[in-house]
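Below: one structure, written as structure tokens.
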Amino acid sequence: MFIMKRYVKILFLLGIISTTIVMESCFKKGPNDPFISFRSRKARMTGDWIIKSYLLQTTTDYINGAKYTYKLASTDGNIAETQGFDNYPGQKDTGWTWSGTILTDRTFSFDKYGKVTYKFHYKISYFKEDEAEMPSWTNPDNGVSYWVDTTWSYERKYYNTGTWNFLNNIDDYKSKERISIMWEHTEFEEIYNIKTVKRAEDSDINPDIQENSSYRQNKSDYFYNGENTQVWILDKLKNKEAMIYRYIDNNHSENAGDAETANTSTKGYESYELEQE
């Protein structure tokens, strides 16, 4: 009888401990989490997610005082890229915006065994109309002058694989408020297209001339011992919605002749809003 009571007490204590662990994982962690969920944080994180929106915004400061700003923003299948230079030697301050759409893939997948897969595929373009008062190009064959309109476009495809896990309470963060993603393999493919349309003033007599060129580059990298690790804050983790973000703070220094461009500081912010069907 004594042994039986002892076993009952042990089972009771184990039950309390197990319940505490489960409940601790179900209570609110991120600022926009539900107060309580009957699914654990791991269960809510696991699965295939569609990227509903994405934002990457950085500022790079050069040692010579120049500044480069970059922003890539996507919402519901549309995407725009904005770049600009300020105080760059020999150049006037300038900025330009490319716009486009997400193509076949925009997903994050986290499985229960700690594997993560990322796919992001989009195309953006930029059109510049020749607005000069006089034509900028003359055909050497017939002497006809043309204005030259140019469209640049990029098609970019990312495919990354690695591992993920929750982080325990470190500094001011709660346990499982952040995740660590350790990328092991990254692939990048880019197709760069240039289309020019030469148009004469008398287009009925001298029709437009269209020219196209295309370039492709591929990059595949493997990483070991956690050398490409990112820490993401879970701002929101619901059953069908999630929001992760991180801050970027990188310093780059090279012992190169052009120290003005080889030594830089890049700071910024990156976030994903995710949803499940």
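The values are calculated or read from the model by the stated rules, or taken from the named source; none is laboratory data. What you see is a predicted model; the values in this text were computed from it and never measured. In this analysis, Cβ positions are derived from the backbone assuming ideal geometry, glycine residues included, and neighbour counts consider all displayed protein chains.
Give the number of residues within segment 165-194 that are aromatic (F, W, Y), over 17 Å from the mean Cα position of the chain (by Cα) and modelled with pLDDT of 95 or more.
2
Do the conditions hold for K174, that is, is it in contact (Cβ under 8 Å) with a residue 40 or more places away in the chain, among the charged types (D, E, K, R) and surrounded by 15 or more Cβ atoms within 10 Å (Cβ to Cβ)?
It is true that K174 is in contact (Cβ under 8 Å) with a residue 40 or more places away in the chain, among the charged types (D, E, K, R) and surrounded by 15 or more Cβ atoms within 10 Å (Cβ to Cβ).
Sort out for me the strands (runs of 3 or more DSSP E) sitting completely within segment 47-151 that have 3 or more residues that are in contact with an Asp or Glu (Cβ under 6 Å, 6 or more places away or on another chain) and not hydroxyl-bearing (S, T, Y).
Counting at least 3 such residues, we get 47-62, 115-128.
Taking the condition of being touching a helix residue (DSSP H, G or I) at 6+ places or on another chain (Cβ under 8 Å) and either of a type in the set (G, A, S) or surrounded by fewer than 14 Cβ atoms within 10 Å (Cβ to Cβ) (or both), how many residues in segment 65-115 meet it?
3
For residues that are modelled with pLDDT of 95 or more and of a type outside the set (S, T, Y), scanning just segment 84-101, find the one that is farthest from K52 (Cα to Cα).
W98
Listed here are the residues, each with its yes/no results for (1) more than 22 Å from N218 (Cα to Cα); (2) under 26 Å from the mean Cα position of the chain (by Cα).
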residue	(1), (2)
M45	yes, yes
T75	yes, yes
I102	no, yes
S109	yes, yes
S145	yes, no
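Of the numbered conditions (1) over 19 Å from the mean Cα position of the chain (by Cα); (2) at pLDDT 95 or above; (3) farther than 30 Å from T150 by Cα, S213 fails exactly one; give the number of that condition.
Only one criterion in (1) over 19 Å from the mean Cα position of the chain (by Cα); (2) at pLDDT 95 or above; (3) farther than 30 Å from T150 by Cα is unmet by S213, namely (3).
Of the numbered conditions (1) surrounded by fewer than 11 Cβ atoms within 10 Å (Cβ to Cβ); (2) within 22 Å of R106 (Cα to Cα); (3) at pLDDT 95 or above, E277 satisfies every one except a single condition; which is it?
Unmet for E277, out of (1) surrounded by fewer than 11 Cβ atoms within 10 Å (Cβ to Cβ); (2) within 22 Å of R106 (Cα to Cα); (3) at pLDDT 95 or above: (3).
Mind checking whether some residue in segment 256-266 is modelled with pLDDT under 95 and under 16 Å from the mean Cα position of the chain (by Cα)?
yes
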